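Below you'll find the structure, written out as structure tokens, and then a few comments.
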Amino acid sequence: MGMTFKRKLPIPKLIKELYPLSEQVAKIKEERDEQIKAIFRGEDKRFILIIGPCSSDREDAVLDYVSRLARLQEKVKDKVFIIPRIYTAKPRTTGDGYKGMVHQPDPNKAENMLDGIVAVRRLHTKVIEESGLTSADEMLYPENYRYFSDLLAYVAIGARSVEDQEHRLLSSGMDIPVGMKNPTGGDYSVMLNSITAAQSPHTFIYRGWEVVSTGNPYAHAIMRGYMNKHGNTIPNYHYEDLNMIHEMYLSKELQNRSVIVDCNHANSGKKYLEQIRIAKEVIYSKNHCSDLTDFIKGLMIESYIEDGSQKIGEGIYGKSITDPCLGWQKTEQLIFEIAELV
């Protein structure tokens, strides 16, 4: 056989019972969920900032980073709504490399997905307990979502997953905002079709159940740049790109017309320092075009404690082991500048 079935994993209900949330954590999540939805509905005018490491590789550094975000959130809370980016499952272009905490709670040890699920649940719980913030994660594996569904405030569907039917259908049954990235090839119609599917009700099979979803009105677009046929990165954060996607939105009967701009990935060509300039340009477009003012709801930024990235095993605390990130000093300054600009 081409696969070895190592062990049957516990169902999400059992994991949630073994690692339950306190009433206080559940209350914080409920309150923040409503605030985030109000922003997407246009009732709350604060600017969303989904920010954090490319991959959340170690609990201590991530909690340190998020505690810093929490202190900043208090200072900019009237203008900016911060959602920590706690990404625990990483899509790999070739399949090689670190696949995230859900695979390896310790990047220096062998893969163990049961320990990974527990570690991810513990991390998201501690983030809420210690910071009062609720987090975003990428839904790489739809079947894993229920392990963390009572913890997550925001879910991103990646550029490689946005055309997948299971991601679309499960998104239609979530009660939190789901961001659909444009695909790596850049076809906006794929992203818009994904949003349409996620906003619609469906009957489908999930984790061995026949389920019925009601549709998710908070599904929306994430612009992350793309690759052309020659493998060159093409940005799509400029005014012309945002105006185009706004017009395409209008041509469809979509709810909560919203876009988040990812400042890294193909938009920056993975030149992490470019995120600072890109963030400011996006806000300039938001402020100087009435069509985009309410349409652009926020930004995604990759940031950690130390600038850049490192290889696994180098052991530099708070430095990304996947894509390079902005360090804390630059992050803090950028957040204050964003609060002044929006």
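Taken together, the values in this text are just the output of simple stated rules run on the coordinates, not laboratory data. Given the structure is predicted, the values throughout are model-derived calculations rather than measurements. Here the Cβ positions follow ideal geometry from the backbone for every residue, glycine too, while neighbour counts run over all protein chains shown.
Taking the Cβ of each residue in LYS270, LYS297 as the centre, tally the other Cβ atoms inside 10 Å and list the residues starting with the fewest.
Neighbour counts put them in this order, fewest first: LYS270, LYS297.
Where does each of LYS6, LYS79, LYS229 land when they are ranked from fewest to most other beta-carbon atoms within 10 angstrom?
Neighbour counts put them in this order, fewest first: LYS229, LYS6, LYS79.
Read phi for every residue in the range 212-221 and hand back ³J(HN,Hα) as whole Hz from Karplus 6.51 cos²θ - 1.76 cosθ + 1.60, θ = phi - 60°, with x for Gly and Pro.
My calculation for the range 212-221 gives 10, 9, 9, x, 10, x, 9, 5, 8, 8 Hz in order.
Loop-only check: which chymotrypsin sites (Phe, Trp or Tyr not before Pro) in the range 4-76 are DSSP coil with at most 15 other Cβ within 10 angstrom?
PHE5
Amide H of ALA219 versus every other amide H placed in the peptide plane: which residues, excluding those fewer than 5 positions away on the same chain, fall under 5 Å?
Hits under the 5 Å cutoff: VAL178.
If contacts are Cα pairs under 8 angstrom and at least 6 residues apart, what is the relative contact order of the range 1-159 in percent? It would help to have the intermediate numbers written out before the result.
Values: 215 pairs, mean separation 38.9, N = 159.
This gives 24 percent for the range 1-159.
Beta carbons within 10 angstrom, averaged per residue: use that to sort the peptides 276-282, 51-57, 256-262, highest first.
Details: 276-282: 18.9, 51-57: 27.1, 256-262: 23.1.
My ranking of the peptides, most packed first, is 51-57, 256-262, 276-282.
Consider the candidate values (i) 21.9; (ii) 15.5; (iii) 17.1; state which one is mean projected area of the Cα convex hull in nm² computed from the structure displayed.
(iii)
Once you keep just the Cα pairs under 8 angstrom separated by 6 or more residues, what percentage relative contact order results for the range 12-341?
16 percent
Pull up the cross-link candidates among the lysines for LYS109, meaning alpha carbon to alpha carbon under 28 Å and not fewer than 8 places away within one chain.
LYS6, LYS8, LYS13, LYS16, LYS90, LYS99, LYS126, LYS270, LYS311, LYS319
Name the residues whose placed amide hydrogens come within less than 5 Å of the amide hydrogen of GLU138, ignoring near sequence neighbours (fewer than 5 apart) on the same chain.
Residues meeting the amide H criterion: THR88, ALA89, ALA156.
Where in the chain are the helices, taken as whole DSSP H runs, whose Cα atoms extend 20 angstrom or more along the long axis and whose Kyte-Doolittle mean reaches at least 0.0?
Values: long enough: 23-41 (27 Å, -1.11); 59-76 (25 Å, -0.27); 113-131 (26 Å, 0.23); 274-288 (21 Å, -0.81).
Correct list, ordered by number: 113-131.
Starting with the fewest neighbours, write out THR322, THR293, THR134 ranked by other beta-carbon atoms found within 10 Å of each beta-carbon.
Taking fewest neighbouring Cβ atoms as first place, the list is THR293, THR322, THR134.
Sum -39500 (n - 2.57) across every DSSP H segment of at least 4 residues in the chain, then divide by the residue count to get the 222 nm mean residue ellipticity, nearest 500.
After summing the helix terms and dividing by residue count, I get -11500 deg cm²/dmol.
How high is the relative contact order of the range 133-174, in percent, counting Cα pairs under 8 Å that sit 6 or more residues apart?
42 percent.
Among 29-35, 205-211, 195-201, how do they line up from the highest to the lowest mean number of other beta-carbon atoms within 10 Å?
Taking the mean over residues of other Cβ atoms within 10 Å, the ranking is 195-201, 29-35, 205-211.
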